[in-house]
Structure formats: structure tokens, C-alpha cells
Amino acid sequence: MNCSCRRAFTLVELLVVTGLMAGLLGLMLTVGRPSGRSQVGQLLQSLSSAVISTQTRALGRDAGAAMFLDPGTNGMPAVACNAVLSTDVPPFAVGAVVGTGSTGMPPPPASLAAISTTVAVSAPENGSAANLQQGYRIRFSGTSPVTPASPWFRFSCPAADPASCTVSFRSDANQTIDNTVWPRAATGMFLRYEVARLPQRGPPLTEPTKLTAIDLRYSGIGDDGLGSYASLHNKGPIVICFDRDGRLDSIMQYGTGSLPTVDPLTPTSPLYLLVATVADIQANQSLQATTSRWLAIAPTTGRVSIAANVAVAGTTAADIRDARANARVGITQGVGK
């Protein structure tokens, strides 16, 4: 009589098999989970594409085009931004200055040393007087004979009274009585104006990310960490504008019905954006993380470059300068794209 017996797994064998399966599962989860470096790279790619598409929209358009950084949204902390939107940049408001010679513009001869003046202008030919309330800078040109446009001046105007608009020198452009001349209308000539108006919020340019963002504390204009836009933090939404040639034209706070509390800036130094993981941003470790990356936009060419972050010791102004200097070196050595 034959007897067939089933042999069961021993406890040791079961433990070995279970261990192997757990190891394989852990390996699969690790491989499937994107690394911090790859996540930062994905946001950088989207951000670069947003910049380039905005520059493309700006080409050949006098008013240019702009993109909008909206911090503290999509569940991000206030110091972080993962929302990049398009903006509608209205065409320049155009019209005539009321009066000729020394009437209306510029100040009377006795006040030529003034850095601001009140100007009377007509309602825009391509809009209403209320459109002037959204104006933030103005330039003038002469007709009969035609004269080149003046430099841009700072501009503000109450909607109800275009005869009481204020024109002043722009500190961000270093305009002073020593290097800036008020435009004057010669005999038989009258002045016309062009007013650049504040951009308006538009649709998203990128898909919001969950684990990476721009650290606004260490993003800003310049290599020295000085100036009103050396840091983009605590300024609310930020608008990055490009001119008709695709160059960096201005950086400004988003004005909702009034001029920004900090004057718009025409950059003469690169704009640096530091992209990092949200975990590093929350721990204030973006400058120390080698997974962080810098995106820089050159002011005179609009060229977009990407460079690795070289970790610095702390978060002081000197550390920020060093980190941006390292980014600039990385760009010149070919790290940039």
C-alpha cells in the first residue's frame, strides 16, 4: 500500500519568501517614486517653457507680454510659488498732451529742477479716461515735426481727472535732474503720450506641482542682493514683463486697481529664480540642497539659463550673493541650457 504525503513549507522558508517579496515591493516603490532632483527638473522644464512662450507672445508687440507668479496658492506656503499664469498686457493708451510749449508739460522753466510735475492729458484715443488709472509709466513724442520718444517716466492718474496726472522721474531707472531732461514742445509742435498699463491676470501657463516650487525668499534681481526686488518674497503676486524683442522689460508687483506699493523695476541684472522641493523650502534648506536649481533670465537678451545649486553655509545676504555667483559660474561653464 502506497502512501503519498504532502510536504508543507517550513517556517524558515516562509520567512525567506516573505522577506524576498517585501524587498521586491520596496524596490518597486522606490523606483516608481520620482526623486527630488527629477521633480525639480520637471518644474524647471515647465518654467522654462512658460518663459519662452511668454517671450514669443511679446515679439513684435509694443506692449510686450508678461507672466504672473502667484505665491501661497495651491496649498503652498507663502514663501513658495508653484502657480505660473499668463497675463494680458493691455496695449499702450495713446493720446495728446493738453497744451503746447510750457503749458501742461513740462514744468515751467522755474521748476525745471523738479523731479515730478502735474500734466494734463486728453482721454486715450483707444479707450476712456478710466484706462489711465491702470497706467504706471508714460513717454512723450513730438509731432510736426516728428521727434523720437522720450525716456519712460513714472505715471499715476486719477480716473476722474486726466488733467491732474502726475509724471515723475523713475528711481529704478536712476533718473535725476543731472541725467534726465523733461521733454518740451517747440513752437508749433505738440506732444503726444503713450501710457503703459498694468497687466491683468490670465490663465495658467503650467500645471501646478505638489512637491516642488519656487522659493521666493532667495529669488530676485541682481548679483549683490540689494534693491527693492532683490527678493521676491513679501511682495504679493509678481509680474515678469518682456518687451517686443523678448528681453526682460520690468518686474513689478501685481497692481489690483492701483499702482504697486513698490515701484516697477527695469532690471539691469539677471533675474534669478530658485526652484527647490517643498520639503526643503519649508525647512528653509533650499540654499543648502544640492537638488535645488537656479533659473536665470538675462536682462539684455532674455536668454534663459539653468544651473545647479552649490550649497552655501547659511541664509544671510552674503550666502544669497554667493549662491547666485555660483549659479552664474555654473552657467558660464555650460551647466545652463
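Please treat every number below as a calculation from the coordinates, not as lab data. The structure presented is a predicted model; accordingly, all values stated were derived computationally and were not measured. Here the Cβ positions follow ideal geometry from the backbone for every residue, glycine too, while neighbour counts run over all protein chains shown.
Some values worked out for this structure:
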read-out	value
Neighbour-count ranking [beta-carbon atoms within 10 angstrom, fewest first] of Phe68, Phe92	Phe92, Phe68
Potential extension, Thr300-Ala317 segment - 0.36 nm per residue separation minus Cα distance	3.6 nm
Furthest towards positive pole of dipole, Val304, Leu248, Ala323, structure part the range 210-337, Cβ charges	Val304
Ranked list, fewest to most other Cβ atoms within 10 Å of each Cβ, for Ser46, Ser116	Ser116, Ser46
Neighbour net charge for Ala313 - beta-carbon separation under 12 angstrom, K R +1, D E -1	-2
